Amino acid sequence: MMKAQERTSALVVGGALTGLSSAVFLGVHGVRALLVERHPDLLIHPRLRGLTPRAVEAFRQVGLEPAIRDASFATGEGYTWVPVRADTLAGEHTLAEESDEGEEAGDASPAAFAPIDQDKLEVLLRGKATELGADVRFATELVSWEQDDDGVTAVLRDRRDGAERTVRAGYLIAADGATSPIRERLGIGTDGPGVLFNTVTTMIEADLRPALGGRRVSIAYLQQPRPFTILMAHDDAGRRWVFATGYAPEHGESIDDFTDARVVGMVRAAAGLPDVAVRLRPQIPGTDLKALGFAVGARVARRYRDRRVFLVGDSAKIVPPTGGLGGSTGILDAHNLAWKLAAVLGGRAGPALLDTYHAERHPVGLFTMEQALARFGARMAPRGTAGRARRRWWTTR
């Protein structure tokens, strides 16, 4: 066994929403985590655009709710989400189908829905995690790891100078995203329809008010320049947007094909404004990375735990982004796991308590996948696609 240069009770791999939430929830229970993230800084991209009341309740417990309200892009009373379907943004709009099931659930919670962008939330979480004693290291990647009956030994590399350090951790929390190398290394399979399509996303500045014609739009699901295209408002002035569209790596298309000039042309086609000025914005500070690729899909890991390793957030499950359910569910994965780890590490509970993490969160992952698929079909998928996906899931589980 490699000799450890550092020791920590919990090593969190992944410094986005779920990883940072894990560090915060551990910290409030007195566990100072070591968190590593391979990117040099937080992503400047809204992604999740709101927290469910239950997720806000979890952050209320750690004193973050006031800061979340202050950083929200609208008040709870004055905010209405307006999703539309159209051929282009300038064309005729129809409201995307919305389910009103569960609307009365808001009366059961002391916390209201919080309209906050994920990039703003992650800044708050990083600050809170550090305040609570977490060691947060960006530009640091997990090179290798081994687990035994007593803990996990990991090799970390600083991507700035290449220096490597060996860390001995009591537990490893995998918050390393949808493609989770940790989950793959463990050989944990997944259930669900899998990848539905691939999307490329960019952040743009463009005055699309002429296309809106005074209409209010939070997100538009569009057919131009190709299906699976969206324009999501990033301000109330109609000048900042997230643009995303499907692409086909299986047919040789790659992220590198989405040059600035090509994206500008696609945004103009989506907006229905052939001459509008469009500027792309970098998504990671200190880089020129403007286009990011993601697989949009639906699958849930068959096991959320492997001895001393736990899967949280997208490493445990991925769901379509329609409805914003995945982020809040990942936060609550972290919330559920943190107090249990703290109780075991503090000697207040036996290791068997940790078995309840899978037992409690895995059914939530399956249910969330079903709901997100239903919303995907209602808002975005070509007619019949989501129905086939759900049937395939239920017949192969």
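Within region 149-166, the residues that satisfy the criterion of being open to solvent by less than 60 Å² (accessible area, probe 1.4 Å), outside any strand (DSSP E or B) and free of Cβ contacts under 8 Å to residues at least 24 places away in the same chain are 162, 163. A count restricted to region 286-339 and to residues that are hydrophobic (A, V, I, L, M, F, W, C) and either modelled with pLDDT of 95 or more or touching a His at 6+ places or on another chain (Cβ under 6 Å) (or both) stands at 13.
Counting residues in region 19-41 that are β-branched (Val, Ile, Thr), part of a helix (DSSP H, G or I) and in contact (Cβ under 8 Å) with a residue 12 or more places away in the chain gives one or more.
Give the residue that is farthest from residue 298 (Cα to Cα), with candidates limited to residues of region 195-234 that are in contact (Cβ under 8 Å) with a residue 60 or more places away in the chain and charged (D, E, K, R). Among them, the one singled out is 207. Taking region 198-217 as the range and being surrounded by fewer than 19 Cβ atoms within 10 Å (Cβ to Cβ) and either at pLDDT 90 or above or at positive phi (or both) as the test, the residues that pass are 205, 207, 209, 210, 212, 213, 214, 215, 216. Does at least one position in region 167-176 carry a residue that is part of a strand (DSSP E or B), open to solvent by 10 Å² or more (accessible area, probe 1.4 Å), closer than 13 Å to residue 11 by Cα and touching a helix residue (DSSP H, G or I) at 6+ places or on another chain (Cβ under 9 Å)? Yes, region 167-176 contains at least one residue that is part of a strand (DSSP E or B), open to solvent by 10 Å² or more (accessible area, probe 1.4 Å), closer than 13 Å to residue 11 by Cα and touching a helix residue (DSSP H, G or I) at 6+ places or on another chain (Cβ under 9 Å). With respect to being acidic (Asp, Glu) and part of a helix (DSSP H, G or I), residue 107 fits the description. Out of all the residues in region 356-378, is one or more out of contact with any Leu (no Cβ under 7 Å at 6 or more places or on another chain), open to solvent by less than 30 Å² (accessible area, probe 1.4 Å), among the acidic types (Asp, Glu) and in a helix (DSSP H, G or I)? No, because not a single residue in region 356-378 is out of contact with any Leu (no Cβ under 7 Å at 6 or more places or on another chain), open to solvent by less than 30 Å² (accessible area, probe 1.4 Å), among the acidic types (Asp, Glu) and in a helix (DSSP H, G or I). Among the strands (runs of 3 or more DSSP E) confined to region 257-352, the ones with at least 3 residues that are among the hydrophobic types (A, V, I, L, M, F, W, C) and either in contact with a helix residue (DSSP H, G or I) (Cβ under 8 Å, 6 or more places away or on another chain) or open to solvent by 50 Å² or more (accessible area, probe 1.4 Å) (or both) are located at 292-301, 309-311. Of all residue pairs spaced 6 or more apart or on separate chains, those with beta-carbon atoms under 8 Å, a first member in region 256-272 that is farther than 14 Å from residue 244 by Cα and a second member that is open to solvent by 40 Å² or more (accessible area, probe 1.4 Å) and not acidic (Asp, Glu) are 272/90; 272/224. Take the residues in region 241-256 that are at pLDDT below 90 and not acidic (Asp, Glu); name whichever of them is most open to solvent (accessible area, probe 1.4 Å). The qualifying residue most open to solvent (accessible area, probe 1.4 Å) is 251.
Taking residue 7, is it open to solvent by 40 Å² or more (accessible area, probe 1.4 Å), assigned to a loop (DSSP other than H, G, I, E, B) and not aromatic (Phe, Trp, Tyr)? Answer is no for this residue.
The number of residues in region 341-378 being under 23 Å from residue 188 (Cβ atoms) and touching a residue at least 60 places away in the same chain (Cβ under 8 Å) comes to 7.
Checking the structure you have, find out if any residue of region 28-36 is more than 21 Å from the chain's Cα centre (by Cα), open to solvent by 20 Å² or more (accessible area, probe 1.4 Å) and hydrophobic (A, V, I, L, M, F, W, C). Among the residues of region 28-36, at least one is more than 21 Å from the chain's Cα centre (by Cα), open to solvent by 20 Å² or more (accessible area, probe 1.4 Å) and hydrophobic (A, V, I, L, M, F, W, C), which makes the answer yes.
The values are calculated or read from the model by the stated rules, or taken from the named source; none is laboratory data. The structure displayed is predicted, hence computed values, not measured ones. With ideal geometry, Cβ positions are generated from the backbone for all residues, glycine too; neighbour counts draw on all protein chains shown. Surface areas here come from the heavy atoms of the whole protein model, side chains and all, with no ligands, DNA or RNA. Shrake-Rupley method; radii C 1.70, N 1.55, O 1.52, S 1.80 Å.
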